Amino acid sequence: MRFLSATAGTNGTIKTTPEDFIVNEITPNGRVLELSRQYTPVELGEQERADSKFTRFILQKRSWDTTGALVAIAKKLGHGKKSFGYAGTKDKMSTSTQLASIFGIEPAQLLNIHIKDISINGAWKGEEVILGSNIGNAFDIKIREANRSENAVKIIDELEGVFPNYFDRQRFGYRLNNFRIGRLILENRLEDAVMMFLTDSSNEVNKESNEARKRLSEEQDFRSALAYFPKHLKYERTVIEYMSRYNNYANALRKLPRGILLLFIHAVESGIFNTCLEQRIKSDDTGSSAVYLKKNKFGFPDSDTVAADGSEGFAAAPLIGYETHPKYLSEYEDSIMESVGIRCEDFKIKSMPELSMKGAFRVLLAPARNLLCDVNSNELRLKFEIPSGSYATVLANEITKTESIAMEAIIRES
């Protein structure tokens, strides 16, 4: 990915320990949560609803991702994990606080649970927490081994309070093949999508997994694959087990969690967006657009409200879907979509309609509010607040310049 700033990066590593990556959610009312603080609904500007079947709570965790923490809580309560609601996911290698909700459990039950490195910092009756309902997240990040730490302040000055709003690496999978799998689904090539998910070893780093994927690719024998596929590849094994009994590739994919299936389609949207943004940065063309998103009262973009022009909001680009109007497609989208053979209407997926995408908008440059940097020898400490859906790791990487995904290569290889 191309960087917005010209100054050489500081180098360095993040997430050495969970304490090096602190994430505090910004609630819908604009309150930044704090670690180890007990909250009441009044302190968060909320109203308790005694008649509600939902309990809202503040979840603090260390070395737990959001899903894993909620599963652990569900087991303690003897409750189903699908009863939880949350605004956004937080990484495992972090210390974080966030707002969540659960159906059918009393506040006192939550407050009385004890799980290592998980705490409930307040619970009360209220409305369900909806995905994406948080304003954003506040970060406190430590960057170690930054041998050009003096460059950090220069880079921050160049950024002028914004950074490229790329989707980060995890959107494309650790094998970097989510885009290709998603494209195969859009093309209704479901057998190829299944086989790529199971057998692609181009970026597989685990030797046992690599050998298993190659063997299945050569033998095409699902029944025997169950005997040698590694146990840690649980999703692959689920698909293989189904294919060992049935010959239905659409339903084999449906054995995966819906969130993973959607990630394949989101990877196509994200890959097009990232590549367009790369080209815009190369052409110094990030300020003009066919669409702008209004600023909300917190100074962050409102993804649902289109502004009249750039004076009222942020330049944005489409996340392609079947409802994306041609007037919002720039020369960048047109060129990339033509090169990979993708059309807007392809996102209406007849073979798997539950994965169809209408489309949306995403700002090109995301604001970084209250961006502060403390330099201490070869160690940096960054503090900032960014909108929901933007990646702190992308901003950190703009400063360190230690990693760059070749988006155009990922798309060309598809």
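Quick notes on this one:
- In the stretch 153-174, residue surrounded by the most Cβ atoms within 10 Å (Cβ to Cβ) [restricted to those that are of a type outside the set (A, V, I, L, M) and part of a helix (DSSP H, G or I)]: PHE172
- Residue selected from the stretch 43-68 under the condition farther than 26 Å from ILE260 by Cα and part of a helix (DSSP H, G or I), by the criterion farthest from the chain's Cα centre (by Cα): GLU43
- For the stretch 277-289, the count of residues that are within 27 Å of GLY389 (Cβ to Cβ), modelled with pLDDT of 95 or more, surrounded by 20 or more Cβ atoms within 10 Å (Cβ to Cβ) and polar (S, T, N, Q) is zero.
- Taking strands (runs of 3 or more DSSP E) as the structural unit, no element lying wholly within the stretch 355-414 holds at least 3 residues that are outside the structural domain of LEU263 (by TED's automatic domain parsing), among the small types (Gly, Ala, Ser) and exposed (fewer than 15 other Cβ atoms within 10 Å of the Cβ).
- Any pair with Cβ under 8 angstrom, 6 or more apart, that starts in the stretch 18-33 at a residue that is on the phi > 0 side of the Ramachandran plot and in the same structural domain as LEU59 (by TED's automatic domain parsing) and ends at one that is surrounded by fewer than 18 Cβ atoms within 10 Å (Cβ to Cβ) and among the aromatic types (Phe, Trp, Tyr): GLY30/PHE298
- Among the residues of the stretch 254-269, those identified as surrounded by fewer than 23 Cβ atoms within 10 Å (Cβ to Cβ) and not aliphatic (A, V, I, L, M) are ARG254, LYS255, PRO257, ARG258, GLY259, HIS266.
- Selected residue [surrounded by 17 or more Cβ atoms within 10 Å (Cβ to Cβ), under 26 Å from the mean Cα position of the chain (by Cα) and either assigned by TED's automatic domain parsing to the domain that holds ILE58 or among the β-branched types (Val, Ile, Thr) (or both)] from VAL71, VAL129: VAL129
- Helices (runs of 4 or more DSSP H) wholly inside the stretch 203-278 containing at least 2 residues that are assigned by TED's automatic domain parsing to the domain that holds SER339 and under 30 Å from ILE336 (Cβ atoms): none
- Flag if SER96 is closer than 25 Å to PRO367 by Cα, touching a residue at least 24 places away in the same chain (Cβ under 8 Å) and surrounded by 14 or more Cβ atoms within 10 Å (Cβ to Cβ): yes
- For the stretch 323-335, a residue qualifies if it is of a type in the set (Asp, Glu) and either crowded, with 18+ Cβ neighbours inside 10 Å or in contact with a Lys or Arg (Cβ under 9 Å, 6 or more places away or on another chain) (or both), and the qualifying residues are GLU323, GLU333.
- Considering residues of the stretch 300-322 that are in a loop (DSSP other than H, G, I, E, B) and touching a helix residue (DSSP H, G or I) at 6+ places or on another chain (Cβ under 8 Å) only, the residue surrounded by the fewest Cβ atoms within 10 Å (Cβ to Cβ): TYR322
- Selection status of GLY321, under 17 Å from the mean Cα position of the chain (by Cα), within 25 Å of PRO257 (Cα to Cα) and not aliphatic (A, V, I, L, M): no
- Evaluation of GLU46 against the conditions (1) modelled with pLDDT under 95; (2) of a type in the set (Asp, Glu); (3) surrounded by fewer than 19 Cβ atoms within 10 Å (Cβ to Cβ) shows that the sole unmet condition is (3).
- Among residues of the stretch 50-100, those that are within 20 Å of GLU127 (Cβ to Cβ), of a type in the set (D, E, K, R) and touching a helix residue (DSSP H, G or I) at 6+ places or on another chain (Cβ under 6 Å), counted: 1
- In the stretch 175-191, the residues that are within 22 Å of GLY321 (Cα to Cα) and part of a helix (DSSP H, G or I): ASN178, PHE179, ARG180, ILE181, GLY182, ARG183, LEU184, ILE185, LEU186, LEU190
- Every condition in (1) within 30 Å of THR13 (Cα to Cα); (2) of a type in the set (Ser, Thr, Tyr); (3) assigned by TED's automatic domain parsing to the domain that holds ARG49 is met by SER83 except one, and the failing one is (1).
- Qualifying residue in the stretch 383-391 (condition: at pLDDT 95 or above and either out of contact with any strand residue (DSSP E or B) (no Cβ under 6 Å at 6 or more places or on another chain) or of a type in the set (A, V, I, L, M) (or both)): yes
- Of the criteria (1) crowded, with 17+ Cβ neighbours inside 10 Å; (2) closer than 25 Å to ARG144 by Cβ, which one THR16 fails: (1)
The values are calculated or read from the model by the stated rules, or taken from the named source; none is laboratory data. The shown structure was predicted, so the numbers you read here are calculated from the model rather than taken from an experiment. Neighbour counts run over all protein chains shown; Cβ positions are idealised from the backbone, glycine included.
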